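The values are calculated or read from the model by the stated rules, or taken from the named source; none is laboratory data. Since the structure is predicted, the reported quantities are computational estimates derived from the model, not experimental observations. Cβ sites come from the backbone with ideal geometry, for glycine too, and all protein chains shown count toward neighbours.
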Amino acid sequence: MIIETGANGFNLLIPLLSFSVNVTFQAFLFRSRSCGLLKSEYIGFTLGLVLLLSLQLSLHPMLPELTLDALAIVIVNLLIFCGLSYCYFHFINLCTTARRIRLVRDLFASPSGLTLDQILENYNAQDMLSKRIQRLLNSGQIVEQNGRYFASKHLVLFAAWLMVILKFIFLGKGSEYD
Amino acid sequence: MAYLITYSAVEVDSPSLVMTMTIQKAGGKGFPVTDFKNFITDELVVIPRVNDLVHDKIAKFEGGIYKLTPKGINLAKIFNTYRNFLKLKDKGG
């Protein structure tokens, strides 16, 4: 008996195509300054996800008759798309916020090299602090009132706690700031 | 690939996440704006990352000067190319 799973070459391309749409729209929206960086990432991801689900539905128009094998393909494609998008999200974060990448780029701009004092002249803790506070204020994660900061949204906070848990699982240690 | 990226993000604490948690822990009384300057220092957030570059052979330290290795140069080119593509103006970090 032949079981129709919908498995074919096109199925393999669906997550790649959807990921391409994610990257293309994210880059287009941000380059044209239609929206901020984080918003462009959300929109790109959403459009890619919509395309992926639409293509999967077009392959399986009769959802009630979806076999377990076909459902497995849909789930695997979703995982591939989410995995690629996750990597792209972090790649952009590295481009914009990573300290090591910033230092590498500063050193690249000075082929003859830099002393530690020159490195700290270009980029130091106070620069980093003001940039990051500004980003947190701009994104509404924190607010300032009467010379004090207050937490307002919980997205970054959720990410922070997730990182604490993952760090404990991977490395068995707590924050280096404690 | 996702695991590698997550590991590198977990390996070193993000100052933004630490700052957010510090503000959250302060609760309803808030966290004084000026207090961050006391514990976010070059010794804590910048110099260890410079040392990481040398440890990971991305940069070399010779005669008091830090210089990129070929590996570091390639890394810088990849990120500079994508930053230019996205037209990112802020220096980052």
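Please indicate, with yes or no, whether at least one residue in the range A:10-32 is buried (at least 17 other Cβ atoms within 10 Å of the Cβ), at pLDDT below 90 and not in a loop (DSSP other than H, G, I, E, B). The answer is yes; a qualifying residue exists. Kindly establish whether residue B:60 is assigned to a strand (DSSP E or B) and at pLDDT 90 or above. Yes; evaluated as a whole, the condition is true for this residue. Scanning the range B:63-90 for residues that are more than 30 Å from residue B:22 (Cα to Cα), at the interface with another protein chain (Cβ under 7 Å from one of its Cβ atoms) and not in a helix (DSSP H, G or I) turns up B:64, B:65, B:66, B:67, B:68, B:87.
Give the residue that is farthest from the chain's Cα centre (by Cα), with candidates limited to residues of the range A:129-170 that are under 20 Å from residue A:36 (Cβ atoms) and loosely packed, with under 13 Cβ neighbours inside 10 Å. Checking each candidate, the answer is A:130. Selection over the range B:37-73 of residues that are among the polar types (S, T, N, Q) and under 18 Å from the mean Cα position of the chain (by Cα) gives a count of 2. Note on the range A:82-115: among residues that are more than 7 Å from every other protein chain (Cβ to nearest Cβ) and over 26 Å from residue B:7 (Cα atoms), the one that is surrounded by the fewest Cβ atoms within 10 Å (Cβ to Cβ) is A:112.
Restricting the first member to the range A:35-52 and to residues that are more than 18 Å from residue A:18 (Cα to Cα), and the second to residues that are of a type outside the set (Lys, Arg) and buried (at least 18 other Cβ atoms within 10 Å of the Cβ), the beta-carbon pairs closer than 6 Å and six or more apart or on different chains are A:35/A:29; A:37/A:30. Does residue B:1 satisfy the criteria of being within 8 Å of another protein chain (Cβ to nearest Cβ) and within 30 Å of residue A:140 (Cα to Cα)? No. Do the conditions hold for residue B:22, that is, is it more than 7 Å from chain A (Cβ to nearest Cβ), hydroxyl-bearing (Ser, Thr, Tyr) and surrounded by 15 or more Cβ atoms within 10 Å (Cβ to Cβ)? Yes. Of all residues in the range B:27-57, which are among the hydrophobic types (A, V, I, L, M, F, W, C), facing another protein chain (nearest Cβ under 8 Å) and assigned to a helix (DSSP H, G or I)? B:33, B:36, B:39, B:44, B:45, B:47, B:50, B:53, listed by residue number.
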